[in-house]
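The values are calculated or read from the model by the stated rules, or taken from the named source; none is laboratory data. Please read these numbers as outputs of a predicted model, since none were measured by experiment. All Cβ positions, even for glycine, are placed from backbone atoms using ideal geometry, and neighbour counts span all protein chains on display.
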Amino acid sequence: MSQWIVHLVANGGYIGIAFLMFLENVFPPIPSEIIMGLAGIEVGQGQMNFEAVVFAGTVGSTLGNYAWYLLGRFYGFRRLEGFVNRWGRWLTLEWEDIQKINRLFTRHGGKIVFVLRFMPAFRTIVSLPAGLFRMGHLRFLIATFAGAMIWNVILTGAGYYLGRNFSKIDDYVGPISTAAIAAIVLFYIYRVITWKPRAQR
């Protein structure tokens with residue numbers, strides 16, 4: 001897969017970067033660190049413009065997240081209640097919890113979406129509840145674009161300064177991402193084991 005990414009960044013130009021970043025948010029296993037890191041190398045070699053690379057990557061990220069947002073909006077908040085009542089044990093949630101999250105998104109949805117753009121796993125996942133809880137389109141797009149742009153500036157800058165040794169990006173981002181994902185998984189397992197319905201609590 002890495003060779004395919006290298007080829008598309010080198011030959012697809014800004015459109016290729018936007019397309020890859022779109023896929024990265026629809027299919028998270030494609031790493032944004034490598035995509036934007038490679039694009040940063042192209043910038044360092046004078047093959048691309050820094051601002052254009054960041055803009056292309058951010059547009060792709062925003063469109064990918066918007067697809068998840070639209071999916072959540074299409075599914076709808078009302079249908080969610082039956083799903084939660086059936087699978088709440090594994091979600092470690094009850095309908096009352098969903099209503100609280102809904103109120104939280106109503107008040108602070110923009111901040112939540114913006115902040116989670118910097119967190120592995122949550123970067124894409126947060127778009128789904130944003131749509132389910134009917135966060136405004138413009139508000140979602142602005143928060144997503146702003147957060148994704150800052151993240152892409154960091155990754156492109158890392159590729160630019162590290163040159164051909166772009167794999168060193170993983171020395172900084174990789175361990176943090178792995179630790180964060182491991183912590184999320186362990187916390188979920190703990191929640192499943194210890195969770196009880198509100199009536200029992």
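Give the residue that is modelled with the highest pLDDT, with candidates limited to residues of the range 85-136 that are of a type in the set (F, W, Y) and assigned to a loop (DSSP other than H, G, I, E, B). Among those that are of a type in the set (F, W, Y) and assigned to a loop (DSSP other than H, G, I, E, B), it is F133.
Quick one: would you say G82 is closer than 28 Å to A130 by Cα, at pLDDT 90 or above and not aromatic (F, W, Y)? Judged against the criteria, G82 is not a match. Has the range 14-26 got at least one residue that is farther than 25 Å from L128 by Cβ, crowded, with 22+ Cβ neighbours inside 10 Å and not β-branched (V, I, T)? Scanning the range 14-26 turns up no residue that is farther than 25 Å from L128 by Cβ, crowded, with 22+ Cβ neighbours inside 10 Å and not β-branched (V, I, T).
Would you confirm, using the coordinates I've provided, whether T156 is crowded, with 19+ Cβ neighbours inside 10 Å and modelled with pLDDT of 70 or more? Don't jump to the end; show me each part of the working.
Details: crowded, with 19+ Cβ neighbours inside 10 Å: yes; modelled with pLDDT of 70 or more: yes.
Spelling it out, T156 is indeed crowded, with 19+ Cβ neighbours inside 10 Å and modelled with pLDDT of 70 or more.
Assessment of the range 1-18 against the conditions (touching a residue at least 24 places away in the same chain (Cβ under 8 Å) and part of a loop (DSSP other than H, G, I, E, B)) yields at least one matching residue. Is it the case, given these coordinates, that E42 is acidic (D, E) and modelled with pLDDT of 85 or more? For E42, the condition - acidic (D, E) and modelled with pLDDT of 85 or more - is met.
Check the range 164-174 and report whether any residue there is closer than 25 Å to V53 by Cα, at pLDDT 90 or above, out of contact with any Cys (no Cβ under 6 Å at 6 or more places or on another chain) and in a helix (DSSP H, G or I). No.
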